[in-house]
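Worksheet for the structure shown next.
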Amino acid sequence: MIEIRNFESDDINDLLSLLHTCFDPRELEGITSFDMLDWYRQFPGGMKVAVSDGNIAGFVFAFTSRGIGWITLLCVKPEFRRREIGTRLLQAALAYLSTQGVRVVKLDVEPESPAAGLYKKFGFDVERTLLRMRKKLR
Ligand SMILES: CC(C)(COP(=O)(O)OP(=O)(O)OC[C@H]1O[C@@H](n2cnc3c(N)ncnc32)[C@H](O)[C@@H]1OP(=O)(O)O)[C@@H](O)C(=O)NCCC(=O)NCCS
């Protein structure tokens, strides 16, 4: 039985471990538990977790910025995938954003990611394709 609920600060270590399981370290560059607790303070209803037997199996973060809703870090533990948990998390994120007075929701996704199919199923269209560039300073 999977429950979708709001993130609570006690979830922080479990959540960090999930993110490191699901994402390449470069995608998480710079994200610390301090940042996540700060998001939680700013958007307490925007961080949703999927919980199985008390353990976090999935996560999504929805937030608003300058009138736009954003969805990021949607992820499900590998052993729980293809059981519609990602779908339920995305539904919860969109439900949260619809209470925040935004009319448009955006997200970034790699073209080949399985998540792209999920977002298309929910009616997301490609707005534009970006080239992410990076330079290290020392
Ligand atoms: C993307 C992710 C969250 C999907 O979670 P999930 O719980 O497996 O998703 P669901 O079971 O709800 O699947 C919903 C739809 O997503 C798409 N999808 C999910 N996994 C897929 C896969 N491996 N290949 C192709 N499409 C896939 C399908 O359209 C699927 O619908 P269908 O089952 O009717 O074909 C999960 O694969 C994940 O955590 N990936 C790693 C992190 C990531 O890339 N996050 C996205 C950041 S933008």
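For Asp35, the stated conditions do not hold, so it cannot be described as free of Cβ contacts under 8 Å to residues at least 60 places away in the same chain, part of a helix (DSSP H, G or I) and within 16 Å of the ligand (Cβ to nearest atom). Would you confirm whether any residue within the range 39-46 is at pLDDT below 95 and of a type outside the set (Asp, Glu)? Among the residues of the range 39-46, at least one is at pLDDT below 95 and of a type outside the set (Asp, Glu), which makes the answer yes. Where residues in the range 57-89 are touching a residue at least 60 places away in the same chain (Cβ under 8 Å) and of a type outside the set (A, V, I, L, M), which of them is nearest to Leu19 (Cα to Cα)? Step by step, filter the range 57-89, then rank; the result is Phe80. When the range 45-59 is filtered for residues that are buried (at least 22 other Cβ atoms within 10 Å of the Cβ) and small (Gly, Ala, Ser), the ones remaining, listed by number, are Gly46, Ala50, Ala57, Gly58.
Applying the criterion of being in a strand (DSSP E or B), more than 9 Å from the ligand (Cβ to nearest atom) and hydrophobic (A, V, I, L, M, F, W, C) to the residues of the range 60-97, the residue that is surrounded by the fewest Cβ atoms within 10 Å (Cβ to Cβ) is Ile68. Considering the range 98-122, the residues that are assigned to a loop (DSSP other than H, G, I, E, B), of a type in the set (A, V, I, L, M, F, W, C) and out of contact with any strand residue (DSSP E or B) (no Cβ under 6 Å at 6 or more places or on another chain) include one that is farthest from Asp35 (Cα to Cα), namely Phe122.
For the range 98-119, the tally of residues that are of a type in the set (A, V, I, L, M, F, W, C) and within 7 Å of the ligand (Cβ to nearest atom) stands at 4. For the structure I just gave you, tell me whether Leu16 is under 19 Å from Lys120 (Cβ atoms), more than 9 Å from the ligand (Cβ to nearest atom) and not in a strand (DSSP E or B). So Leu16 fails the test.
The values are calculated or read from the model by the stated rules, or taken from the named source; none is laboratory data. For clarity, every value in this text was computed on a predicted model and none was experimentally measured. Note that each Cβ is placed from the backbone with ideal geometry, even for glycine, and that neighbours are counted across all protein chains shown.
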